[in-house]
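Structure first, then comments.
The values are calculated or read from the model by the stated rules, or taken from the named source; none is laboratory data. Keep in mind the model is a prediction, meaning the values are calculated, not measured. Counting neighbours? That spans all protein chains shown, and the Cβs are built from the backbone with ideal geometry, glycine included. Remember, those area values only see protein heavy atoms, side chains included, never the ligands or the DNA or RNA. Shrake-Rupley method; radii C 1.70, N 1.55, O 1.52, S 1.80 Å.
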Amino acid sequence: MKLDEVLETIGQFGRYQKIIFVLICIPGISCGIVMTLAVILLGIPNHRCRLPGYENDTYSIQDATHQEHVSRYIPPPAADDSSLLYDKCHTYSYNASNTKFDNSSHPINATLVKCTSWVYDDSEFYETFVSKHDLVCGDHYKVSTAKTIYFGGVLVGALIFGSLSDGIGRKKTINVSIALLFASSIGLAWAPNYIAYVVLRFLAGMAFSGTFITAYVIGVEIVGPSKRKYTGIINEIFFAFGECFLAGVGFLVRDWHYVEIIIAAPMVLYLSYWWLIPESPRWLINKGRFDEAEEILRKAAKINKKELPAKILDRDIRDDTKTEKVYKIFTSRILFIRTLIILYVNHLIQLIMANKMFMYDFFCFRMVVSMTYYGLTLNSGNLSGDVYLNFFFSGMVEFPAYIISIIFLDRLGRRTLHCIMMLTGGLACLSTIFTVLYGGEDLQTLTTVLALVGKLGSSAGFALIYIYSAELFPTVLRNAAIGIFSCGARVGGMVAPLIADSVIIIGGKMGQAVPLVIFGAASVLAGILTLFLPETLNSRLPETIEDARLFGTEKYKQKEKELHNISGEESTTKF
């Protein structure tokens with residue numbers, strides 16, 4: 001018997017698989033927290049320059065004398081940003097003995113100078129890493145850089161732990177990743193400076209990849225064939241719960257040190273997974289360790305209350321499908337052109353010129369979906385209104401996104417559902433330009449709702465992408481291709497913070513609208529490009545590169561019919 005046949009015999013998602021699956025999904029909560037932690041740790045409170053010579057200066061006005069000093073030394077904000085009370089980065093410099101003041105007590109003909117010390121509004125954050133180390137004004141770029149470095153760690157982690165998982169096994173890899181995740185997270189609470197912060201966040205990003213991706217692989221490999229398409233979506237639900245949990249902790253604590261300690265401390269419990277999580281039977285079989293695999297499968301059968309014959313694994317039958325090297329993607333003119341289109345997705349005309357159905361286009365969607373998903377999550381802190389409420393809703397909106405994905409996955413098909421969700425999210429984000437620029441605070445609620453609809457669409461697209469990309473690729477290149485796409489997705493994640501934080505650079509209403517417009521346009525483009533891909537629902541998945549070239553064409557459909565007829569004849573003969 002092959003492994004899939006054994007899994008069908010013992011139950012594709014029996015009690016044993018459910019226990020293991022829940023255990024490997026729980027770290028997804030911490031992964032959701034770690035991935036979006038920058039919203040809290042790198043939150044930028046409202047701020048202004050510290051008053052020169054004024055002891056115990058605070059952002060809040062203390063009394064009339066304090067108000068007079070603020071008016072005399074702190075300029076008003078730019079005319080196009082009515083949401084601010086003060087200029088954030090400059091103070092007046094003047095000679096008090098011969099300076100006159102206007103009706104607002106501001107000095108006339110004073111010089112604006114950049115300040116080096118600030119006071120912060122503590123109404124939303126008591127303290128963040130940004131306010132602790134004054135990462136504002138001239139140093140504001142460090143915030144975006146820190147977020148990008150984190151996603152760089154996610155990229156490196158995907159490469160390292162992906163190979164490690166295939167080399168030393170899923171169990172060892174996830175335990176190493178969990179240990180690194182705990183160590184980097186708890187250490188971050190005492191990061192003394194910016195360098196230490198970015199190094200620890202880089203390591204946390206690596207650990208995130210090792211933990212989340214390996215857990216996803218284990219989940220796929222322990223369940224039967226008919227249940228695999230749902231495992232990734234269910235894992236994302238735990239991830240979304242982590243976002244909501246972080247919003248609650250942030251609201252109650254409001255100090256980055258204690259937030260980090262609270263979310264890191266429970267991770268120590270994951271160290272027990274060394275004894276609770278078994279090795280993947282599929283990996284053991286691929287390594288020729290059949291006795292260990294049979295022991296795990298028999299334990300699963302016992303817990304599932306199923307019977308297995310004395311011999312359950314045919315040790316002479318191995319996967320007869322030859323795995324191709326990743327460079328095979330570039331062995332034809334079509335594949336080479338498609339790869340270039342993937343790398344330069346913004347060059348839409350190249351995609352239209354090379355309009356032959358082939359699944360390698362999906363790299364661009366992985367990057368766009370990843371950029372949009374993480375960008376909208378990180379941008380939730382830039383929306384007007386309560387930052388914690390916006391962040392909480394940003395996490396909550398993922399639940400209906402995943403439920404919609406599960407319900408309609410086999411009803412509408414992968415391509416149609418992905419297109420609908422990306423277009424819905426993209427158009428919602430694009431619509432915010434009207435509510436932000438022309439509605440202002442009067443339509444702020446509508447702006448937030450549209451942004452959340454955008455997050456819903458990108459969340460569904462993010463969940464669907466794992467299933468769709470796995471089904472689009474031929475068996476001989478599936479793992480290698482998905483690895484490339486994962487790297488592309490991480491590139492999108494690295495770009496996302498820079499776009500989300502452009503609100504600081506641009507400023508004003510336009511600054512608030514630009515990130516949402518960029519994410520919206522990228523989503524709409526991804527939704528449209530999805531229509532150039534073949535549908536995989538109810539289709540025999542491609543096995544070879546030639547199958548991949550023909551996938552979605554009439555010739556491939558004819559081949560499917562012939563294979564189906566042959567299979568039917570064999571079944572009748574055996575019967």
*In the range 49-58, which residue that is touching a residue at least 60 places away in the same chain (Cβ under 8 Å) and open to solvent by 50 Å² or more (accessible area, probe 1.4 Å) is nearest to residue 256 (Cα to Cα)?*
58
*Do you know which residues across the range 234-276 are crowded, with 17+ Cβ neighbours inside 10 Å, over 23 Å from residue 130 (Cβ atoms) and among the aliphatic types (A, V, I, L, M)?*
234, 237, 240, 267
*Can you find even one residue in the range 41-49 that is farther than 30 Å from residue 247 by Cβ and modelled with pLDDT of 90 or more?*
yes
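Surrounded by 13 or more Cβ atoms within 10 Å (Cβ to Cβ) and either aliphatic (A, V, I, L, M) or modelled with pLDDT of 65 or more (or both): does that describe residue 555?
Working: surrounded by 13 or more Cβ atoms within 10 Å (Cβ to Cβ): no; either aliphatic (A, V, I, L, M) or modelled with pLDDT of 65 or more (or both): yes.
The answer is no for residue 555.
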*Failed criterion for residue 227 (all others in (1) touching a helix residue (DSSP H, G or I) at 6+ places or on another chain (Cβ under 6 Å); (2) within 19 Å of residue 22 (Cβ to Cβ) hold)*: (1)
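Given the options 409, 389, name the one that is modelled with pLDDT of 80 or more, more than 19 Å from the chain's Cα centre (by Cα) and under 20 Å from residue 33 (Cβ atoms). If you could, list the steps in order and put the result at the bottom.
Numbers: 409 fails: under 20 Å from residue 33 (Cβ atoms).
After applying the criteria, what remains is 389.
State which residue is most open to solvent (accessible area, probe 1.4 Å) when the search covers only the range 183-215 and only residues that are hydroxyl-bearing (Ser, Thr, Tyr) and touching a residue at least 24 places away in the same chain (Cβ under 8 Å).
Step one: list which residues in the range 183-215 are hydroxyl-bearing (Ser, Thr, Tyr), which gives 184-185, 194, 197, 209, 211, 214.
Filter once more, so that each one left must be touching a residue at least 24 places away in the same chain (Cβ under 8 Å): 185, 194, 197, 209, 211, 214.
Working: 185: 4, 194: 41, 197: 2, 209: 2, 211: 2, 214: 6 Å².
The extreme case among them is 194.
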*Return the total of residues in the range 277-296 being open to solvent by 20 Å² or more (accessible area, probe 1.4 Å), within 19 Å of residue 175 (Cα to Cα) and modelled with pLDDT under 90.*
1
*Identify, by number, the condition in (1) surrounded by fewer than 20 Cβ atoms within 10 Å (Cβ to Cβ); (2) part of a loop (DSSP other than H, G, I, E, B); (3) not small (Gly, Ala, Ser) that residue 69 doesn't meet.*
(2)
*Can residue 61 be described as open to solvent by 20 Å² or more (accessible area, probe 1.4 Å) and either in contact with a strand residue (DSSP E or B) (Cβ under 6 Å, 6 or more places away or on another chain) or not in a helix (DSSP H, G or I) (or both)?*
yes
_Residue that is farthest from the chain's Cα centre (by Cα) [pool: residues in the range 95-146 that are open to solvent by 50 Å² or more (accessible area, probe 1.4 Å) and among the hydroxyl-bearing types (Ser, Thr, Tyr)]_ = 97
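Being more than 17 Å from residue 394 (Cβ to Cβ) and not basic (Lys, Arg) is the filter here, so list the residues in the range 241-258 that pass it.
Hits for the range 241-258 are 252, 253, 255, 256, 257, 258.
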*Report, by residue number, each residue of the range 166-182 that is of a type outside the set (Val, Ile, Thr) and open to solvent by less than 10 Å² (accessible area, probe 1.4 Å).*
169, 177, 181
